[in-house]
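Below: one structure, written as structure tokens.
The values are calculated or read from the model by the stated rules, or taken from the named source; none is laboratory data. Every value quoted in this text rests on a predicted model; they were computed, and no experiment measured them. No Cβ is skipped: glycine too gets one built from the backbone with ideal geometry, and neighbour counts run over all protein chains shown. For accessibility, only protein heavy atoms count, side chains too; no ligands or nucleic acids. Shrake-Rupley method; radii C 1.70, N 1.55, O 1.52, S 1.80 Å.
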Amino acid sequence: RQRGRRWLVHSRGRGEMNPVCEDGLFLKLGGEQTLRPLRVIVYMLALGWSFLGVAIIADVFMSAIEKITSRKRRKWVASKNKYITVMVWNPTVANLTLMALGSSAPEILLNCIEIVADDYFLGGLGPSTIVGSAAFNLFVIIGICILAIPKGEVRAIKETSVYVLTAVVSVFAYAWLIIIVVGSSKYVIDVWEGVLTFLFFPVLVTAAWVVDRNFFREHDDKMPQGVDLSKEELAELEVQILKEHGPNLTNEQIAKFVQVMCGNHHSRAQYRIAATRGMTGGKRVRVSVASLSTMSSRASQSVKHLMGSVMPTFPRTSPMKVVPAWSGADPADDNNIVPVEEEKAMIEFPIRKHAVLENVGAVSIRVLRSGCLDLPASVRFKTRDGTAKVSADYEHAEGMLTFRPGETEQQILVKIIDDAMYMEGKEFHIDLEQSVTDIEEAEVVVGNKTITVVIVDDDLPGTLAFPEDEVRVAEPITDQEVSFQVHRTNGSSGKVVCKYATEDITAFAGTDYIEAEGDLVFESTQMCACIKVMIKAIGRYERESQFRLMLTWPEDDALRGGAIFNAETDGGKDACYLTVTIAGRAGLQDRVDKVVRILDKMFERSRIGTNHWTEQFKEAIFVRGGAEDDDPATVSDWVLHIVSLPWKLLFALCPPTSIYGGWLTFVCSLSFIGLVTALISDLANLLGCSMGICDSVTAITFVALGTSLPDTFASKAAAQQDPTADASVVNVTGSNSVNVFLGLGLPWMAAAIKWKITGATEKWDALYGSDPAIPEALRLGDGAAFIVKDDSLANSVLVFAVCAVACLLLLAWRRHMYGGELGGPALSKWVSSLFLFGLWITYVLISSVGVTC
């Protein structure tokens, strides 16, 4: 007999052996399992389809969590003497609570549902699924993430204190399971054990929050975590950009510079949802980043530093004079800088990323020297292709920089090629490399050894538009000409001519303003032009009047030069209108508001929530969510969409995330996850019964694999696109801990309390009343307890704990050798990944061999 959904072997007249399975919660398919091969195929397909469904509803669940945890508030910072925007949820607390629940909801709910459905007896799938999922996450997912890093790059964990805490606790959690199952009171889960197991969850969250907030360290004046750019900070950054690149930049170009300097960070929920929608032909979520030099959340420091995570190259033992500056240090931590001895010289780039217009001609990159200045010092430099290609976008530069005694700065000059082709996001890199000379020089330590140069393109004829559809101007003291700018975005190649004219609305030409009309000319490379209109002073105080300024194309299409009007502005694609309001006092809108709107459009595709049911059903019905700007849907997109369409339509009934801040979606989607999980439980039991394998083996293989697939793709994307390894590694260790404390602690605590209160029942006596392994006090008395008599579970947990220690030691060794847990030399990546895959196979084999049902 099998615990939970039990099966027996039945002998038929022809000598055939067919299992007899019990009915499930939803599927009443119990009884003798004839036609076993066909049943196995049908059950496997149904189970896979159910995994697809739980992944889709988990997508909705994660959308709600993202909506909840992304709330912001304004906070006064005395050291900055201003308000800043901060996250309401601490990122670490969010990851260990709602995010972990969203990532592991199927496994956690499976255990809860099984215990309740089995009258508070131990289920057959839940505990083993949690352990099996933890093994898959730790060994397979991290192994895939190690291989996924591009050649020559590494990813290091930034929040090392939180990682160490969750890693240690994740091993302790499973050691604690062994203690309470076979240690303190063998096979009996006492009330205090269940309660304590559950209480470890808030203890872990509190400890992680304390460590994350650095309460045991001396506090500094750094900005709080989760800081976004306020309008004041954005204005400071805009001034910096305009000073460096000229005052005639368009709003779109300023937004591109801001995006490069303050790259958008993506949450774990976005990676998870992007992975799920990729598996189901759903609406795409943009989770790519500009480069690995994405800035940290302390974006307010962007004005002074173009922050980013510079990935160190691999340590080398060499007699040469240049050694890596981050040998053994955390490259993602600004405070973890290797000190330079007085007899050594530090040579480095002062910033990690620099942006230039394509028509700049040449870019000059500063290289700074500090430390020892008494002796000469030299270092080699060399350009390297990124998305920008040598000879097509820039000219290769390579050579030696030699600093004379006392000299602290050198320049590297790279010529930028202004071609006639438009391409967004072109970039190349300049690396500092070690050099060997015959003269006596200071020993050199290379600090920031790589800089990324981003080329902002301007080669298309362009799109003409006013910066905004409406503008307010203050009445001057005397009649005065006011200039209205017309911006040319998305390119500036060739000469473009359009016509302009004024039109009355409530203002009258001759009284409120002087009528104006004529041709507006953009010369090649010109990105901004002005229309001047005379505003008359007539003594306004509160009265406002309006007139319209119109742009149209000339009759000769050749004069327009291929340019277009911005179809999203007033007037559409055929014209462009600006409504001018003449007010009695100044009411000019800040240019920063325009940049914010442009940035909002840039990041619109990263939005994963919904605003109304119509939007949800549109995304459910149409392949790829009906997005018009996506590439054409592939055959696999259509197949996956059709297969998953019933699930999508069902789950579109969940309330949109815009209602009650996402909490209503949270509750509804969690209920749906519970229903689908119950279906998975029935199918998994039927599959295991038909195949003649135990539930514990089914749990650590089929069920664990199916529930972990979305996390696999999400972690791989996070590893490739995030500058650190936190989202792909720390999430695993945190989730594994939460699975035990919440996924097992909560239902086991409830079951232990239930049996303590109600005492033994006929079913409990039938199962355990005559079992000598159960304490005599329980068997002979009227009391009862929650029994976990499952040696296979204890064996599985023990094997996993040992393998987990080996995995964590491997990650520590990789950080010491290569400066990061993920990536590294090709051979090392393959060896490490194969070792982790081997740990998972070892875990499955040892946990499966000798299991009796």
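Quick notes on this one:
- Sorting THR761, THR707, THR511 by solvent-accessible area of protein heavy atoms yields THR511, THR761, THR707, largest first, with a 1.4 Å probe.
- If the segment from LYS382 to GLN411 were pulled out straight at 0.36 nm per residue, it would be longer than the present Cα-Cα gap by 9.1 nm.
- Solvent-accessible surface (1.4 angstrom probe) belonging to ILE351, in square angstrom, nearest 10: 40
- Cα-projected label distance for LEU199 with LEU809, points at 7 Å along beta-carbon direction, nm: 3.4
- Area of HIS816 that stays accessible when all protein chains are in place (1.4 Å probe, Å², to 10): 130
- Net charge of neighbours whose Cβ lies under 11 Å from the Cβ of MET534, counting Lys and Arg as +1 and Asp and Glu as -1: -2
- Accessible area per residue was computed with a 1.4 Å probe on protein heavy atoms; TYR163 scores about 30 Å².
- Three-way shape call for region 55-164 based on the alpha-carbon gyration tensor, with the a/c threshold at 1.5: oblate
- Over 22 Å apart at the Cα level, from the set LYS756/LYS789; LYS151/LYS716; LYS158/LYS829; LYS151/LYS449; LYS256/LYS716, are LYS256/LYS716.
- Cα centroid separation, region 125-143 to region 660-728: 10 Å.
- Surface share of carbon and sulfur [accessible, 1.4 angstrom probe, percent] for region 92-195: 70
- Measuring r between the beta carbons of THR552 and LEU242 and using R0 = 30 Å, the FRET efficiency lands at 0.45.
- Straightening the chain between CYS528 and VAL831 buys 103.5 nm, computed as 0.36 nm per residue apart minus the Cα-Cα spacing.
- Heavy-atom SASA rank of LYS382, LYS495 (probe 1.4 Å, accessible area, largest first): LYS495, LYS382
- Cβ charges +1 (Lys, Arg) and -1 (Asp, Glu), total dipole of region 637-768, debye: 220
- Debye, to nearest 20: dipole size of region 743-853, +1 on Lys, Arg Cβ, -1 on Asp, Glu Cβ: 520
- Protein-only accessible surface order, largest first, of MET87, MET99 at 1.4 Å: MET87, MET99
- Working ranking of peptides 677-686, 170-179, 564-573 by packing, defined as the average number of other Cβ atoms within 10 Å per residue, highest first, is 677-686, 170-179, 564-573.
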